[in-house]
Amino acid sequence: MWFQPPALTRRLRLVRTLALALTAALFGAGLGAMTVTTAHAATGDRVITRAVVFTLTNSNETHVPCVADGEEYQVYGQLVGPRASVLGKGGPTRVNVLLHDDGTGSWFWHARGHRRADYAGALARRGELSLVVDRLGYGRSRLGDGSTCLGAQAELVEQIVQHLYSGIYDFANTPGRTPPHATHVVLQGQGTGAAIAQLAAADGARIDGLVLMSWDPAAASAAAVSEATRQGGACTSASTTNLGASPADFRALLFSSASRAIQRGATRHRQPIPCGDVTSLPATVADLALESGRIDVPVLQLYGADDARLRGGTTGQTFSGSPAVRTKTFRNTGSALTLEKSAPRVQQRVLRWLGGLS
């Protein structure tokens, strides 16, 4: 079965941010040079999942001109990895922060009951620790009547990264127990989740690498442009919209070769998209075109040759400040790379790349 997880003043926010930065710096100074926990170190360690919660401020201080409500929210996620790493007993630890696309959810990365397509589970079996995030407005990360946008989503990710380094977050079901402190963080995203990861990286998030799946705004297909136009129209009179006008459209935009069972499960767990994310996409794309040269970490770009939302033959984006940019396209694969038949090859490609970061 699919896994469906379950206002501060500006001065106080500044104090908290400075405290987080100081704590992260202290941890980085003491642990940054140590060897990251690897697959070999975790061999034989049972894979577990634990729900976690972050208390974050929904604000936007990126260069994307969009408005969020500035309120405090609880953002939920799941730590998936070897037991010792999840419980903070595994030594220096790299955390892969996984950001889902619009209209999907954390299930995109952690498809329980589908071992071949369980991306977080596959990484965990090789010793990697992942944080599978329910972005604000999805799953347990309730937005309610509030408003957010992609600039704010990126800033929320930057806050998550800070909290991972400092350990200022909680196990959702066992409060008071100390969660793991990250010594290294890699951002990974798919679709709009990749745009958010890229924006956070360009804005200065302290990360060691960036994985972008199914994201190249310069190669948007006619279907992608049409869908963005439809969503924008829907948002003139609503606070949320959907990916695809119908369940069939949703599947057509995401899938090419995924099994019927996976497609049915994904359709059952479609989630509405906050309209602030929709309306801020053009400004986000424009900002990334100007700011991506600031990204100074290794980048891995992954594409599906049959992605309905990208024109065929994309070679990916250019990151002039990155020391190494790698790009891979998978045949017979749609936008939902981690859920398609090529999912095991996607996992292996990412694991090899992560191994090069250690």
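The values are calculated or read from the model by the stated rules, or taken from the named source; none is laboratory data. Note that this is a predicted model, so its numbers are computed, not measured. Positions of Cβ are backbone-derived with ideal geometry, glycine not excepted, and every protein chain shown enters the neighbour counts.
Considering only residues that are small (Gly, Ala, Ser) and over 12 Å from the mean Cα position of the chain (by Cα), which ones fall in the range 175-200?
Quick first cut of the range 175-200, residues small (Gly, Ala, Ser) only: 176, 182, 189, 191, 193-195, 197, 200.
GLY176, ALA182, listed by residue number.
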May I ask you to verify whether VAL97 is in a strand (DSSP E or B) and at pLDDT 95 or above?
yes
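In the range 215-248, how many are among the acidic types (Asp, Glu), part of a loop (DSSP other than H, G, I, E, B) and more than 20 Å from GLY151 (Cα to Cα)?
To start, the set of residues in the range 215-248 that are among the acidic types (Asp, Glu) comprises 216, 227.
Right, trim to part of a loop (DSSP other than H, G, I, E, B) and you get 216.
Now restrict to residues that are more than 20 Å from GLY151 (Cα to Cα): none.
Adding up the residues that qualify gives 0.
Among the residues in the range 312-323, are any outside any loop (DSSP other than H, G, I, E, B) and not aromatic (Phe, Trp, Tyr)? Spell out how you get there, then give the answer.
Here is the first cut: in the range 312-323, the residues outside any loop (DSSP other than H, G, I, E, B) are none.
No: zero hits.
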Being buried (at least 16 other Cβ atoms within 10 Å of the Cβ), touching a Gly at 6+ places or on another chain (Cβ under 7 Å), modelled with pLDDT of 95 or more and not aliphatic (A, V, I, L, M) is the requirement here; does ARG270 meet it?
yes
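So which residues in the range 273-283 are β-branched (Val, Ile, Thr) and either surrounded by fewer than 21 Cβ atoms within 10 Å (Cβ to Cβ) or over 16 Å from ARG142 (Cα atoms) (or both)? Let's see the steps before the verdict.
Start the filter on the range 273-283 by keeping residues that are β-branched (Val, Ile, Thr), which leaves 273, 278-279.
Result: VAL278, THR279.
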Considering only the range 74-113, state which residues are farther than 22 Å from ALA182 by Cβ and over 20 Å from the mean Cα position of the chain (by Cα).
GLY113
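Would you say ALA343 is closer than 18 Å to ARG251 by Cβ, crowded, with 21+ Cβ neighbours inside 10 Å and in contact with a helix residue (DSSP H, G or I) (Cβ under 6 Å, 6 or more places away or on another chain)?
The answer is yes for ALA343.
Can you pull out the residues in the range 128-176 that are assigned to a loop (DSSP other than H, G, I, E, B), of a type in the set (Gly, Ala, Ser) and surrounded by fewer than 24 Cβ atoms within 10 Å (Cβ to Cβ)? Spell out the reasoning first.
Start the filter on the range 128-176 by keeping residues that are assigned to a loop (DSSP other than H, G, I, E, B), which leaves 128, 134-137, 139-140, 142-149, 167-169, 172-176.
Then keep just the ones that are of a type in the set (Gly, Ala, Ser); that gives 137, 139, 144, 146-147, 167, 172, 176.
Those that are assigned to a loop (DSSP other than H, G, I, E, B), of a type in the set (Gly, Ala, Ser) and surrounded by fewer than 24 Cβ atoms within 10 Å (Cβ to Cβ): GLY139, GLY144, GLY146, SER147, GLY167, ALA172, GLY176.
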Name, by its number, the condition in (1) over 19 Å from the mean Cα position of the chain (by Cα); (2) in a loop (DSSP other than H, G, I, E, B); (3) of a type outside the set (A, V, I, L, M, F, W, C) that does not hold for GLN263.
(2)
With the condition kept exactly as written, say whether any residue in the range 286-306 is over 19 Å from the mean Cα position of the chain (by Cα) and within 23 Å of GLY144 (Cα to Cα).
no
Within the range 169-179, is there a residue that is at pLDDT 95 or above, of a type in the set (D, E, K, R) and more than 25 Å from SER320 (Cα to Cα)?
yes
When the residues of the range 307-340 are filtered to those that are among the polar types (S, T, N, Q) and surrounded by fewer than 16 Cβ atoms within 10 Å (Cβ to Cβ), which remaining residue is nearest to the chain's Cα centre (by Cα)?
THR327
List pairs: first residue in the range 304-328 and closer than 24 Å to VAL225 by Cα, second residue assigned to a loop (DSSP other than H, G, I, E, B) and of a type in the set (Lys, Arg) anywhere in the structure, Cβ distance under 7 angstrom, at least six positions apart or on different chains.
ALA305/ARG331
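For the range 205-214, does any single residue satisfy the condition of being among the hydrophobic types (A, V, I, L, M, F, W, C) and assigned to a helix (DSSP H, G or I)? Break it down into steps so the answer makes sense when it comes.
First pass over the range 205-214, keeping only residues among the hydrophobic types (A, V, I, L, M, F, W, C): 205, 207, 210-213.
Restricting the remaining residues to those that are assigned to a helix (DSSP H, G or I) gives none.
No, there is no match, as no residue in the range 205-214 is among the hydrophobic types (A, V, I, L, M, F, W, C) and assigned to a helix (DSSP H, G or I).
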Filter the range 311-358 down to residues that are closer than 12 Å to VAL299 by Cα, at pLDDT 95 or above and hydroxyl-bearing (Ser, Thr, Tyr), then give me how many there are.
3
Which of (1) at pLDDT 95 or above; (2) surrounded by fewer than 23 Cβ atoms within 10 Å (Cβ to Cβ) is the odd one out, the single condition LEU123 does not satisfy?
(2)
Which members of the range 292-310 meet the condition of being modelled with pLDDT of 95 or more, in contact with a helix residue (DSSP H, G or I) (Cβ under 7 Å, 6 or more places away or on another chain) and not in a loop (DSSP other than H, G, I, E, B)?
ARG294, LEU300, LEU302, GLY304, LEU310
Any chance the range 318-333 includes a residue that's among the small types (Gly, Ala, Ser) and closer than 30 Å to SER239 by Cβ?
no
Restricting the search to the range 177-195, which residues are over 21 Å from VAL80 (Cα atoms) and either surrounded by fewer than 24 Cβ atoms within 10 Å (Cβ to Cβ) or of a type in the set (A, V, I, L, M) (or both)?
ALA195
